[in-house]
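Each reported figure results from applying straightforward, stated rules to the coordinates on display, with no laboratory input. Since the structure is predicted, the reported quantities are computational estimates derived from the model, not experimental observations. We place every Cβ from the backbone using ideal geometry, glycine too, and count neighbours over all the protein chains shown.
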Amino acid sequence: MNCCSDVGIVVLGSQEERHGLLPADTDTKLTVHVAFKAAAQTGAKLVGIVNSAAEYDYIKHGRHFPIPVVVHDLKCVVETAIERLGIEKFVVVNGHGGNTLIAGHLPKLAEQLDVKIAFNNAIVKFEGAHAGSGECSMAVAADVVGIANLAGQDNFEKYPEVGFVAMREAHVNPKIKKLAEKTADEGVQVDIELGRRLLKKAIDDVISMLKAI
């Protein structure tokens, strides 16, 4: 299928996050997986990866950059695709919660470059708590990590970032607080079938956006 061969996909991830026992670059790897599957099914072009990540000021872990830096890096990828490939429509597939801060800056960037840019946040929306059951299940289903490697992921004293259970400063966000409480009660359960379903939902969401732009 080549219905979207004129659309470029930009992966927006994060390379140096604390994810408990998940790899530090899980956000990028999950996003690449989803973007690749969506591109393979539609003919859309994978035009680049942005690994500099933004974050809310109440999240105190990982390595992050000011919003203008991330927007600049994204602009460089888009400009290259415009110049080299003649692409004028883009879907930014995001896999890191803090990068949601970038979405509001895309209309101005699109206007500056005279292109269309859409922001897809399906991975973040569907995975649930940070490094919790959903994200771990997706990571196993996408072969980012083996299930045996995640034994002890819900040791919240050792890994306070998991579900942000023990990172109380992040609980100023009501959604994070609710997910943290749920994660603390239920622990981290890895379910590969759940992971496959969540990945499919994210892929389908990206495909819908590729067709609509």
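What the table below lists for this structure:
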read-out	value
Cleavage-rule hits, trypsin sites (Lys or Arg not before Pro), region 154-213, DSSP coil, Cβ neighbours within 10 Å at most 13	Lys158
Per-selection Kirkwood Rh - the chain (Cα, Å, 1 d.p.)	17.3
Placed amide H near Phe90: partners under 5 Å, 5+ positions off or other chain	Gly8, Lys116, Ile117, Ala118
For Ser137, Ser14, order by how many other beta-carbon atoms lie within 10 Å, fewest first	Ser137, Ser14
In region 61-164, the GluC sites (Glu not before Pro) that fall in loop regions by DSSP, at most 12 other Cβ within 10 Å	Glu157
Folded to 0 to 90 degrees: helix 26-42 orientation relative to the chain principal axis, Cα	40
Ranked Met1, Met138, Met209, criterion: other C-beta atoms within 10 Å, fewest first	Met1, Met209, Met138
Extension gain from Lys60 to Ala166, taking 0.36 nm per residue of separation minus the Cα-Cα distance	37.0 nm
Helical mean residue ellipticity (222 nm; -39500 (n - 2.57) per DSSP H run of 4+; nearest 500) of the chain	-14000 deg cm²/dmol
Extension gain, Ala212 back to Ala24 (0.36 nm per residue minus Cα-Cα distance, nm)	64.4 nm
Rounded tilt (10° steps) of 192-212 against the dominant C-alpha axis of the chain	20
Between 0 and 90°, nearest 10: helix 67-85 axis offset from the chain longest Cα axis	40
log10 of Debye I(q)/I(0), alpha-carbon scatterers only, for region 1-91 at 0.10, 0.11, 0.13, 0.23 Å⁻¹	-0.30, -0.36, -0.48, -1.11
Top of Gly195, Gly95, Gly62 by mean-square fluctuation, Gaussian network on the chain, Cα under 10 Å	Gly62
Per principal axis, descending, Cα span of region 61-173 in whole Å	48, 32, 21
Potential extension, Asp185-Glu83 segment - 0.36 nm per residue separation minus Cα distance	31.6 nm
Cut-off 12 Å between beta-carbons: net charge of the residues surrounding Gly13, Lys and Arg +1, Asp and Glu -1	-4
Charge sum, other residues only, whose C-beta stays under 9 Å from Gly95's C-beta, Lys/Arg counted +1 and Asp/Glu -1	-1
